Each structure stands twice: as C-alpha cells, then as structure tokens.
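Asker: Below is the structure I would like to discuss, written out as structure tokens.
Every read-out reported here was derived from the displayed coordinates using simple, explicitly stated rules and does not represent laboratory data. Computed from a predicted model, the values in this text were never measured in an experiment. Note: ideal-geometry Cβ built from the backbone for every residue, glycine included; neighbour counts use all protein chains shown.
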Amino acid sequence: MKLKKDIWKYKHSVSFIALLVVVVFISPSFAEEGFTPLFDGKTLSGWGTTRATDAFSVNKEEKAIHAYAGKKNGSEQVPGCLITTKQYSHYILRLEYKWLEKRFSPRTDWDRDAGVLFHAHGSLKKLWPNSIEMQVGETPGTVTGKSKEHWKGRKPRRFHTGDLILIQNDQVQAQYKRKKSGWDPNGDLYTGGKGVFTQFGIEKPKGQWNEIEIRVLGDKKATFMLNGKVVHEIMNIQKMEEGKLVPLTKGFIGLQAEWAEVLYRNIRIKELKDEKE
C-alpha cells in the first residue's frame, strides 16, 4: 500500500514539474519576475497613436502588433507611431521584433526601418515626439554611405538596430562615448549632435525574431541591448525647458512604423524602484 502511495506522489510531482516548465517557457511575464505586459496579444489597449493612422493592428496568430498588415506590397503608405498612454521613468523594457517581406512607397528600395522611442514628451501630436530613439533597422553595423556593394539596387540610407537618434535634437540632448563616428564604451565623452552610430548590433535575418532590451534610469543613463549584447549607452539625458537644458527623467514609450512591414511582440516592462536595480 505504501509503495502505491509513493508511486502516486511521484507521478503527480512529475506532472506538476512538467506543467510548471511549460508555463515558464510560454509566459515571459511568469518567467521574468517583476515584469508587466504592455501588450496583451489581443488588443491595443494601453496604446494610442500620435496621429490618426491605420498602420497598426493586432496579429492574433503571432500575438503581435503588426505594422501595415494587409497592405499591398509597394503601395503608398504613411508612417505612424504607436505610443503608450502611461509615462515611465526607471525601468527595463523588453520586446521582440521581426521583419516581414513587404516594403512600401516611397521606400520600396530602402533598407527596412523602424524604431523604439522612450522618454517621449511635449506635444504627442507630432509624428515623432521629442524623444530618444533606439533605431531598429536591417542595415549591418559595418555599412556606411560609402559601402558601394551594399547599396547596389537600394537607397543609400543607413538604418542599423542599436543606433542612437535624438528626435528633435534641439529639444533633447544626451552624452555618449564615441570613437570617430561611432559609439564606443572606451571612447571619449561627447555631448550633442543628432545621435551616433554603433557597430555592435548583430541582427538576425529577416523573418526571425530579434530581442531588444532598453534599461532606463531616469535622466542618468540608458543602455540599449540587441540579442543579449550591449550595443549603445547614453548618459545625462536632458530636455529644453524655457530656454535651458534640464534633466529629462520620464516620458512615454513609442513604436514606429516606417514603410516596412514589421511585428512587435512580448512587450513587457519592469519598473525599477531605484537606480541600483
């Protein structure tokens, strides 16, 4: 009798562990303590747009936000920005993105382009509000405007995941380390400009999911990661207010659609209580 009870306990223990493993792997919010979903996989609840647009919808099969779903390849489209209805200050943002096949006029011959915005503030009626952008794009990090082989048959404009863009750079500034024209953690500290390239980003081929993490500590620091690797870091984030630069400590989070079909999924955030986390 005791042997039968032991076998019963063992079977049910194994079943519970198997169930737990399945739940952990299918649910990022369960696996990652402290993270809260920003997208439920079903609706765009908690998000709005900076301008009226039909660029964004929900792909229920992929449980993803879909930019330009159902649009005819090569057709003329307009850009769009999906933006949170809540502001954030200290946090870790994680999400995945995947390029699909279609590109749209006037950028049918450009490298694919999108972006993740944070600390967006001021007028949210602008297509791109005052903000910091982690560029999302398929141009390899080693490619520049002079890389002739890469640009055969396409527009010579670089969009590389991990590049820094200061949107409305007369209103937003930050410091970063650079060598020559690129970010380098061992470079000299630099202030100003419209942003800076990085050569550290390694994007997976079109059709595969890429993982982004942005760790933001108010105005003190923001670190960009792509597929587990640090690709950029900025410090001393500021905004223009009444004619002078002041700390930029918080803002909205945005996702761009820029004439290329893209999916965003597993968007989640962990708000940090202090800068030590």
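Asker: Give, in nm to one decimal, the length gained when the segment between residue 273 and residue 61 is fully stretched (0.36 nm per residue of separation minus the Cα-Cα distance).
Answerer: Full extension from residue 273 to residue 61 adds 72.8 nm.
Asker: Quick check: net charge around residue 266, other residues with Cβ under 12 Å of its Cβ, Lys/Arg +1 and Asp/Glu -1?
Answerer: -1
Asker: Compute the signed sum of charges (Lys and Arg +1, Asp and Glu -1) over the other residues within less than 15 Å, Cβ to Cβ, of residue 83.
Answerer: Once positives and negatives cancel, what remains is +3.
Asker: Compute the distance from the alpha-carbon center of region 226-277 to that of region 92-126, in whole Å.
Answerer: Each part reduced to its Cα centre gives a spacing of 14 Å.
Asker: Quick one: 3J(HN,Hα) in Hz for region 122-133, Karplus 6.51/-1.76/1.60 with θ = phi - 60°, rounded, Gly and Pro as x.
Answerer: Working through the residues one at a time gives x, 5, 8, 8, 5, 4, 10, x, 3, 5, 9, 10 Hz.
Asker: Still on this structure, I have one more. Which FRET efficiency value, to the nearest 0.05, do you get for residue 43 and residue 194 by plugging their Cβ-Cβ distance into 1/(1 + (r/R0)^6) with R0 = 35 Å?
Answerer: The formula returns an efficiency of 0.50 here.
Asker: Report for the chain the percent antiparallel among DSSP-assigned beta bridges with both residues inside it, nearest 5.
Answerer: On the way: 77 of 79 bridges.
Approximately 95 percent, going by the DSSP bridge assignments.
Asker: Using only the alpha-carbon atoms, how far is helix 2-26 inclined from the longest principal axis of the chain? Give it as 0 to 90 degrees, nearest 10.
Answerer: On a 0 to 90 degree scale, this one is about 10.
Asker: Around residue 143, with a cut-off of 13 angstrom between Cβ atoms, what is the net charge of the other residues, counting Lys and Arg +1 and Asp and Glu -1?
Answerer: Net of charged neighbours comes to +2.
Asker: Once phi is turned into ³J(HN,Hα) by the Karplus curve 6.51 cos²θ - 1.76 cosθ + 1.60 with θ = phi - 60°, what whole-Hz value does each residue of region 235-247 show in order, with x for glycine and proline?
Answerer: 9, 6, 7, 9, 10, 8, 9, 6, x, 9, 7, 10, x
Asker: Right, something else. Which length gain, in nm to one decimal place, applies between residue 180 and residue 235 when the Cα-Cα distance is subtracted from 0.36 nm times their residue separation?
Answerer: Full extension of this stretch gives 17.9 nm more.
Asker: Extending each Cα 7 Å along its Cβ direction at residue 152 and residue 223, get the distance between those two points in nm, one decimal.
Answerer: 4.1
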